[in-house]
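Before any comments, here is the structure.
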Amino acid sequence: MSTSHIFTSEDENVQRTQSLEALRKCTQEVAHYSDPQTEQEYVKLIQTLHKKATALGALHQHSQRVACVEKIIKLAKKGLPVNNLSLPKALETLAECHAMMGDKPTALTLFKEALDTRAACGLPEAHPSSTDSIKRMADLYRDQADFEQALELHIKVLELRRSLLSPGEARRGEGDAVMAEALHDVGTTYHCLGHFERAIPYAKKALEIKRELVARNKARREEGEKRRVEGHEEEEEEGEEAEEEDASDEYEKLMEMMYTLASTYAKNAEFTLAQPIYTELIARRRDEDPPNYIKLAKALNNAGAMHMEAGDGALALPFYEESLDILRMVLPAAHPEIALAMGNLAEVYRTAGENEKALVLFETSLTMQRRRAAEAMAGVGGGWGGVDPMGMACTLNNSALLYRAMENYPQVEKQMEEAIDWLKRAVPAEHYYVTNMKLSLAAAQKEGEEKKAGTYDPTKYGMVGLFEKARRDENLP
């Protein structure tokens, strides 16, 4: 079994060569129009700079791309009429640059400016380009864990998408792709808020539309291929490549929507509805040619997580084991995905009462992730070094539960306090994840105090009683 990639190194070299050639040509053209005098020359220069910015982006030269787009904005403001759409387009491109570089607040500001500029040009919010900007703003709010603001905008996008469809277009399914995406966005954001019952109808409808769309497009492609084989249509290699790329993107979106619905069912304790979707996801990943082992490992991990939520560690174990085996085969030994998978496997052993196995895996997983994050914070790699704050918090929480079973309460507190710190890097401080973790910490502290004093009475408190007592003592809602 060998590692698979979406692109081979040869493909990447070809793309790099093409981008470099495009950059060379654009640089020559920019020099030719370096001093525009007429509106036509401004337009030509701006078009060329857009091409140059695209090439710079493909070459991952992001700071140069930002400078290029900022030049477009200055030129558009100086030499084009106020109703020319080059300016909002450039503002949106610059917003995407900042979003890619992690500066999401600046990206949001630029998207808002682009919307205001389009409105000044006479374009309503219902215009597809304006609606696209609102969607990107909603995505950015969700990325920053501002789920309420994200939900408001995603619902607005859904309403705008619906308003753009005529009854005839809706019957013919012409707006299915954007409607499925808008429904999925609303469902996903409800899921992020923990409103799983509200999320399900949106996620379910999105998947239903996407399945029908994928089936229709597959049938259309097969019919086209049949006609080409029979000689009724000429082959167009470039068009076929674009069609294959679109089909691949559409397929991945389908898989994403399947996962969203399955995970929402699982979070809502509807495991009998979640399981067949997870089974289908794994089967589809196994059938891919060439295989994508990372995505297969994630599908296996997600199925394992569903069985753990259902309280069946024995069923989760083989999924987690296979996922970890695959990741170890295709990723570097210290990769955070491997550490996270080890933490998941440790949780299976913990719930099965195999504390020694669980402890070794938890400690190894946490050490790997802490080291990776520390290196990143010291300037090696940037960010958290690929460590997922939510995943790290989950591993710490599960490790704390193990120490609780071992009655090592100082370690319980240490692990849970660190878990809360990691959670706050992923969600706002007032998020219910943080609130629940604080409740768990308070309950563990009270339990430790009472056991130390010899006053702990499990028949009096139990898990629920102790939890409620901690809630009152901490004055939490």
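The values are calculated or read from the model by the stated rules, or taken from the named source; none is laboratory data. Please read these numbers as outputs of a predicted model, since none were measured by experiment. With ideal geometry, Cβ positions are generated from the backbone for all residues, glycine too; neighbour counts draw on all protein chains shown. Ligands, DNA and RNA are excluded from the accessible area calculation, which covers all protein heavy atoms including side chains. Shrake-Rupley method; radii C 1.70, N 1.55, O 1.52, S 1.80 Å.
Observations on the structure shown:
- Relative compactness, region 93-229, computed as alpha-carbon Rg over 2.2 N^0.38 Å: 1.20
- Convex hull volume of region 349-429 per residue (C-alpha atoms, cubic angstrom): 88
- For region 78-128, a Kirkwood radius taken over Cα pairs fed into Stokes-Einstein (10 °C, viscosity 1.306 mPa s) yields D = 142 µm²/s.
- For the chain, the longest principal axis of the alpha carbon atoms and the long axis of helix 293-309 meet at an angle near 40°.
- Taking Cα atoms only, the orientation of helix 86-100 departs from the longest principal axis of the chain by about 30 degrees.
- Percent carbon-and-sulfur accessible area, the chain, ignoring ligands, DNA and RNA, probe 1.4 Å: 51
- Between Thr27 and Leu85, the FRET efficiency estimated from the beta carbon spacing at R0 = 25 angstrom works out to 0.50.
- Global geometry of region 21-81, whether rounded, prolate or oblate, following the gyration tensor of its Cα atoms and the 1.5 cut on a/c: oblate
- Measuring nothing but alpha carbons in the chain and taking Rh as the Kirkwood radius, the Rg to Rh ratio lands at 1.01.
- Rounded accessible area per residue of the chain, 1.4 Å, Å²: 53
- Rounded to the nearest 20, the size of the Cβ-charge dipole of the chain about its Cα centre is 1400 debye, with Lys and Arg at +1 and Asp and Glu at -1.
- Accessible area (Å², 1.4 Å probe, nearest 10) - Phe271: 50
- Sparsely packed loop sites in region 349-428 (the GluC sites (Glu not before Pro) outside DSSP H, G, I, E and B with at most 14 other Cβ atoms within 10 Å) comprise Glu354, Glu407.
- Principal-axis analysis of the Cα atoms of the chain puts helix 355-377 at an angle of about 40° to the longest axis.
- Each part gets one Cα centre, and for region 98-139 versus region 348-402 those centres are 37 Å apart.
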